[in-house]
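Undergrad: Before we start, here is the structure in question, set down as structure tokens.
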Amino acid sequence: MFWNWLQGLKHRLTRGTRGDSRRRASRRNRTHCIPPGCIENLEDRMLLSSGGLDPTFGTGGTTLTTFSLGNDTAEASAVQPNGQIVVVGITPGGTGNVATSADFALARYNANGTLDASFGTNGKVATSFGTMSDAYSVALQSDGKIVVVGTVSNGGFSYFTVARYTTNGSLDTTFGTGGVVFSQLGVGNSQATSVFLQADGKIVVGGTDFNGEFDAFALARYNTNGTLDTTFGSGGSVTTLLGAANSFGTRIKVQPNQNILLGGEMQSGSFQYFVVVRYQADGSVDGSFGNGGIVVTSVGTTDTLSGMVVQPNGDIAIAGTAVVGGVNNFAVVRYLSNGALDGSFGGNGFVTTSFGGNAAEANSIQVQTNNKIVVGGSVSAGTTSNFALARYNLDGSLDTTFGARGQVTTALGTGNSQILDIRLQPDGNIVAVGAADNGFNGVDFALARYIGPVTFPGGDPNTVEVFMRAYNPNAEFHFFTTSVNEFNAVINLGYTNETKGVAGFAVRAGQASGTVPIYRLYNPTDGQHYYTTSLNERTTLEGLGWNYEANEGYIYTTQTPDTTKIYTLYNNISGEHLYTQSQATMETIIAQFPTVWSQAGTLGYGYPVSPTGDITAPSTAPTITATELAAQSAPEVLAPETAAAPVATPAPSNAVNVANSVTSGGSNASTAAPPEPATSSGSTPTANGDGSATPADNTATDAVFSNLSWLENA
């Protein structure tokens, strides 16, 4: 049956549909009014897929903000402890356009993506400091004040510019002169592009300064009142000329020992290289780093550094754009703390990434708490560019649990869009800011929020976790997860909790003897999720473009004390799989709808969850043996099919084996909330002392099986 079912998957992966396309189309085209407006249910899609847009942010995960009739560009952002997002950039000043005049532009957004009306004027602030006032970087002080750094041009010269705003968006007059400081470091133009706040509150600014012949790396350090810190460099600033060539400082980081890293690029003939310079706390170049304090790296013929981050272990990761074979690529380089290339990353210390052969430019980098590296930028798509993200594992390989095999692209606005900065929220979600065409001959601030990590309990075989089930009456599909935060999110959207009673069961959080993992895979084409205990099936689906996301726990292959058989049902029309611990329920469903539902084997043996949410399970479980692990990782051999069978209609079976393990199910949950959420007590799943999770209470939980009419159309 596997290969017949697989052909169905190939068809769905290509067409992006499941089962009867006419039935799916009729479901998809219905609209449901949700105050204050109406949301169309476009697809049956899981809410929390790593790399997916967060539908609780803005409109479908994105938002655009207009400051003027010209080109408004968001350059940088910072996330406040309360979840609000401060974004800075550039807006045309007065009635001009960005080519002749510009202002610092600030906007503050609430955690849901709406503008914070308490900030500035309706959430926005525009400040002119000169003919051209370009804001490129932002940092938040512990008291909530906002430090914005950029470049201001006046009288034919440009200056390092540092402005500080209060929490309501007004200039802080206790800083500098009227809230702003201008610094010309050399004899010509000084351009500030990055800021970092030291632990002592001092403000370190990085950028570029012209020394009369060449552009050079430049740093300045300011006291908390805006005066230059004269203990740093020469009178508060430092410039570093990298040979007889132009060099441009773009990103700055301060290490815990107060050493300062300034990254950028250096030109040499027709080539351009990544460069990182490390300075000691007094502004002197740190000779113990790289070659005399300087590291130069060639990845492509032209390398442009746009992001830098220090990992928890002290390693340094930079991101930018490298021209490889004449095409722009994402480039990520990782150095050890001493400046040497980290050979464990990409094999030689760096990786380059193209997006299907299209030109891609990386502009920002962040490291998640699990050490995965997220890079944001843009990718060309025909004549337009789109938001682009890539996530990398610790070894530099693309993280296939993120987006479409490690990559995400999003079209914002009406034409071109690009990410210029990304930030991580405390919950791990990714905030991307940049610019997008608005359809009115202008460009807007553009923001998108993506799901970062989808956390699952696990690791300890002596604890259990609930395989939670929710029903979306809008999309008429079920959704399964062992992640409490994921389950909370869909319940808050109006899904019905069907976890307790005949529907619910629990599995081991870690692998015990006699258990196999439940693999969860995601189809980025149609949003389908699929669950299987077959490693062979998992790898096959990955080869077809599905993304492996997580282990949803570990289930027994044979019955053990306190476990019960978990039955799998298959919907011949929609392709949905449904699970229940009740044989009577399964038989009732099949009897009432024999042409729609059929038994599709068993998922395995799990612990039942009672109608009151109780779970009976041994407090300890035997440790899995090396022989068991070796057997599970061995390749599976599938017998060839001898007769054709209906696509995606597995043969019923009561045993878990290779032939029917493909029926381990999958389901989607719509990102559109139902019009009338099911009655719930409002409580949320909580972690129990034994490591299990008790799902949110719902008084209508078991009533779903007293009225089976919904099953006919599911």
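The values are calculated or read from the model by the stated rules, or taken from the named source; none is laboratory data. Keep in mind that what you see is a predicted model, and the values were worked out from it rather than measured. Note that each Cβ is placed from the backbone with ideal geometry, even for glycine, and that neighbours are counted across all protein chains shown. Keep in mind that these areas ignore ligands, DNA and RNA; they rest on the heavy atoms of the full protein, side chains included. Shrake-Rupley method; radii C 1.70, N 1.55, O 1.52, S 1.80 Å.
Undergrad: For Thr173, which of the numbered conditions (1) assigned to a loop (DSSP other than H, G, I, E, B); (2) at pLDDT 90 or above; (3) closer than 27 Å to Gly307 by Cα; (4) open to solvent by 20 Å² or more (accessible area, probe 1.4 Å) fails to hold?
TA: (3) is the only condition that Thr173 fails.
Undergrad: While we're on this one: In this structure, is Thr400 part of a loop (DSSP other than H, G, I, E, B) and in contact with a helix residue (DSSP H, G or I) (Cβ under 8 Å, 6 or more places away or on another chain)?
TA: Values: part of a loop (DSSP other than H, G, I, E, B): yes; in contact with a helix residue (DSSP H, G or I) (Cβ under 8 Å, 6 or more places away or on another chain): yes.
In short, yes.
Undergrad: Further, regarding this structure: Taking the conditions exactly as written (more than 35 Å from the chain's Cα centre (by Cα), buried (at least 22 other Cβ atoms within 10 Å of the Cβ) and more than 26 Å from Ser268 (Cα to Cα)), does Phe182 satisfy them or not?
TA: Numbers: more than 35 Å from the chain's Cα centre (by Cα): yes; buried (at least 22 other Cβ atoms within 10 Å of the Cβ): no; more than 26 Å from Ser268 (Cα to Cα): yes.
Answer is no for this residue.
Undergrad: Confirm whether Ala245 is farther than 19 Å from Met132 by Cβ, out of contact with any Phe, Trp or Tyr (no Cβ under 7 Å at 6 or more places or on another chain) and hydrophobic (A, V, I, L, M, F, W, C).
TA: Numbers: farther than 19 Å from Met132 by Cβ: yes; out of contact with any Phe, Trp or Tyr (no Cβ under 7 Å at 6 or more places or on another chain): no; hydrophobic (A, V, I, L, M, F, W, C): yes.
The answer is no for Ala245.
Undergrad: Looking at Ser364, Ser337, Ser380, which is the one that is open to solvent by 20 Å² or more (accessible area, probe 1.4 Å) and either assigned to a strand (DSSP E or B) or modelled with pLDDT of 95 or more (or both)? Before the answer, list the steps.
TA: Numbers: Ser364 fails: open to solvent by 20 Å² or more (accessible area, probe 1.4 Å); Ser337 fails: either assigned to a strand (DSSP E or B) or modelled with pLDDT of 95 or more (or both).
One residue alone meets the criteria, Ser380.
Undergrad: Separate question: Tell me, please, whether a residue that is closer than 21 Å to Arg538 by Cα and in a loop (DSSP other than H, G, I, E, B) can be found in the range 626-635.
TA: Taking every residue of the range 626-635 in turn, at least one turns out to be closer than 21 Å to Arg538 by Cα and in a loop (DSSP other than H, G, I, E, B).
Undergrad: Given the conditions (1) open to solvent by 10 Å² or more (accessible area, probe 1.4 Å); (2) among the charged types (D, E, K, R); (3) on the phi < 0 side of the Ramachandran plot, report the number of the one that Glu576 does not fulfil.
TA: Evaluating Glu576 over (1) open to solvent by 10 Å² or more (accessible area, probe 1.4 Å); (2) among the charged types (D, E, K, R); (3) on the phi < 0 side of the Ramachandran plot leaves (1) as the failure.
Undergrad: Consider the range 215-239. How many of its residues are out of contact with any Leu (no Cβ under 6 Å at 6 or more places or on another chain) and not in a strand (DSSP E or B)?
TA: Matching residues across the range 215-239 total 11.
Undergrad: Name the residues in the range 564-587 that are within 20 Å of Thr533 (Cα to Cα) and of a type in the set (Val, Ile, Thr), would you? Don't jump to the end; show me each part of the working.
TA: Taking the range 564-587 first, the residues within 20 Å of Thr533 (Cα to Cα) are 564-571, 575-581.
Hits for the range 564-587 are Thr564, Ile566, Thr568, Thr580.
Undergrad: Is it true that Thr167 is closer than 20 Å to Ala76 by Cα and assigned to a loop (DSSP other than H, G, I, E, B)? Reasoning before the result, please.
TA: Numbers: closer than 20 Å to Ala76 by Cα: yes; assigned to a loop (DSSP other than H, G, I, E, B): yes.
It is true that Thr167 is closer than 20 Å to Ala76 by Cα and assigned to a loop (DSSP other than H, G, I, E, B).
Undergrad: Only residues that are open to solvent by less than 60 Å² (accessible area, probe 1.4 Å) and either in a loop (DSSP other than H, G, I, E, B) or modelled with pLDDT under 95 (or both): list them for the range 109-122, please.
TA: Hits for the range 109-122 are Asn110, Ala111, Gly113, Asp116, Phe119, Gly120.
Undergrad: Could you check, for the range 263-277, whether at least one of its residues is open to solvent by 10 Å² or more (accessible area, probe 1.4 Å), of a type in the set (A, V, I, L, M), out of contact with any helix residue (DSSP H, G or I) (no Cβ under 6 Å at 6 or more places or on another chain) and over 16 Å from Ser194 (Cα atoms)? Even if it seems obvious, please write down each step before you answer.
TA: Going residue by residue through the range 263-277, those that are open to solvent by 10 Å² or more (accessible area, probe 1.4 Å) are 265-273.
Retained after the next criterion (residues that are of a type in the set (A, V, I, L, M)): 266.
Those still in the list that are out of contact with any helix residue (DSSP H, G or I) (no Cβ under 6 Å at 6 or more places or on another chain) too: 266.
Right, trim to over 16 Å from Ser194 (Cα atoms) and you get 266.
Checked against the condition, which is being open to solvent by 10 Å² or more (accessible area, probe 1.4 Å), of a type in the set (A, V, I, L, M), out of contact with any helix residue (DSSP H, G or I) (no Cβ under 6 Å at 6 or more places or on another chain) and over 16 Å from Ser194 (Cα atoms), the range 263-277 yields at least one hit.
Undergrad: If Thr239 passes every condition in (1) open to solvent by 50 Å² or more (accessible area, probe 1.4 Å); (2) within 26 Å of Gly178 (Cα to Cα) but one, which one does it miss?
TA: Just one mismatch for Thr239, condition (2).
Undergrad: Looking at this structure, is Gly510 outside any strand (DSSP E or B) and touching a Gly at 6+ places or on another chain (Cβ under 9 Å)?
TA: Working: outside any strand (DSSP E or B): yes; touching a Gly at 6+ places or on another chain (Cβ under 9 Å): yes.
Against the criterion (outside any strand (DSSP E or B) and touching a Gly at 6+ places or on another chain (Cβ under 9 Å)), Gly510 qualifies.
Undergrad: Quick one: how many residues across the range 50-73 are closer than 15 Å to Ala448 by Cα, modelled with pLDDT under 90 and assigned to a loop (DSSP other than H, G, I, E, B)?
TA: Qualifying residue count for the region: 7.
Undergrad: Consider the range 269-319. How many of its residues are among the polar types (S, T, N, Q) and in a strand (DSSP E or B)? It would help to see each step written out before you state the result.
TA: Our first condition is that a residue be among the polar types (S, T, N, Q); within the range 269-319, this holds for 270, 272, 280, 284, 288, 291, 297-298, 301-302, 304, 306, 311, 313.
Add one more test, that the residue is in a strand (DSSP E or B), and what stays is 272, 291, 297, 302, 304, 306.
Going through the range 269-319 one residue at a time, the tally reaches 6.
Undergrad: Scan (1) at pLDDT 90 or above; (2) outside any helix (DSSP H, G or I); (3) in contact with a helix residue (DSSP H, G or I) (Cβ under 8 Å, 6 or more places away or on another chain) for the single condition Tyr554 breaks and write down its number.
TA: Unmet condition: (3).
Undergrad: Quick check on this structure: which one of Thr481, Thr515 is out of contact with any Cys (no Cβ under 6 Å at 6 or more places or on another chain), of a type in the set (S, T, N, Q), under 20 Å from Glu576 (Cβ atoms) and surrounded by 24 or more Cβ atoms within 10 Å (Cβ to Cβ)? Even if it seems obvious, please write down each step before you answer.
TA: Details: Thr515 fails: under 20 Å from Glu576 (Cβ atoms).
The conditions single out Thr481.
Undergrad: Could I ask something else about it? Going by the conditions given, is Tyr554 of a type in the set (Ser, Thr, Tyr), touching a Lys or Arg at 6+ places or on another chain (Cβ under 8 Å), under 30 Å from Leu53 (Cβ atoms) and in contact (Cβ under 8 Å) with a residue 40 or more places away in the chain? Break it down into steps so the answer makes sense when it comes.
TA: On the way: of a type in the set (Ser, Thr, Tyr): yes; touching a Lys or Arg at 6+ places or on another chain (Cβ under 8 Å): yes; under 30 Å from Leu53 (Cβ atoms): no; in contact (Cβ under 8 Å) with a residue 40 or more places away in the chain: yes.
Here the answer is no, as Tyr554 does not meet what is asked.
Undergrad: Moving to a separate point now. Hey, can you tell me all the residues within the range 529-541 that are open to solvent by 10 Å² or more (accessible area, probe 1.4 Å) and in contact with a strand residue (DSSP E or B) (Cβ under 6 Å, 6 or more places away or on another chain)?
TA: Thr533, Arg538 - these are the residues of the range 529-541 that are open to solvent by 10 Å² or more (accessible area, probe 1.4 Å) and in contact with a strand residue (DSSP E or B) (Cβ under 6 Å, 6 or more places away or on another chain).
Undergrad: Among the numbered criteria (1) part of a strand (DSSP E or B); (2) open to solvent by less than 10 Å² (accessible area, probe 1.4 Å), which single criterion is violated by Ile589?
TA: (1)
Undergrad: Something else about it: Among (1) among the polar types (S, T, N, Q); (2) touching an Asp or Glu at 6+ places or on another chain (Cβ under 6 Å); (3) crowded, with 20+ Cβ neighbours inside 10 Å, which single condition is Gln280 missing?
TA: (3)
Undergrad: Something else about it: Please work out which one of (1) open to solvent by 10 Å² or more (accessible area, probe 1.4 Å); (2) at pLDDT 95 or above is the condition Leu106 fails and give its number.
TA: (1)
Undergrad: Also, I was wondering about something else. Just to check your reading of the model, which residue among Gly300, Gly307, Gly293 is out of contact with any helix residue (DSSP H, G or I) (no Cβ under 8 Å at 6 or more places or on another chain) and surrounded by fewer than 21 Cβ atoms within 10 Å (Cβ to Cβ)? Even if it seems obvious, please write down each step before you answer.
TA: Values: Gly300 fails: surrounded by fewer than 21 Cβ atoms within 10 Å (Cβ to Cβ); Gly307 fails: surrounded by fewer than 21 Cβ atoms within 10 Å (Cβ to Cβ).
Exactly one residue qualifies, and that residue is Gly293.
Undergrad: Within the range 248-261, identify whether any single residue is in a loop (DSSP other than H, G, I, E, B) and closer than 25 Å to Asn328 by Cβ, and answer yes or no. Don't jump to the end; show me each part of the working.
TA: Residues of the range 248-261 in a loop (DSSP other than H, G, I, E, B): 255-259.
When the remaining residues are screened for being closer than 25 Å to Asn328 by Cβ, the result is none.
So far as the range 248-261 goes, no, none of its residues is in a loop (DSSP other than H, G, I, E, B) and closer than 25 Å to Asn328 by Cβ.
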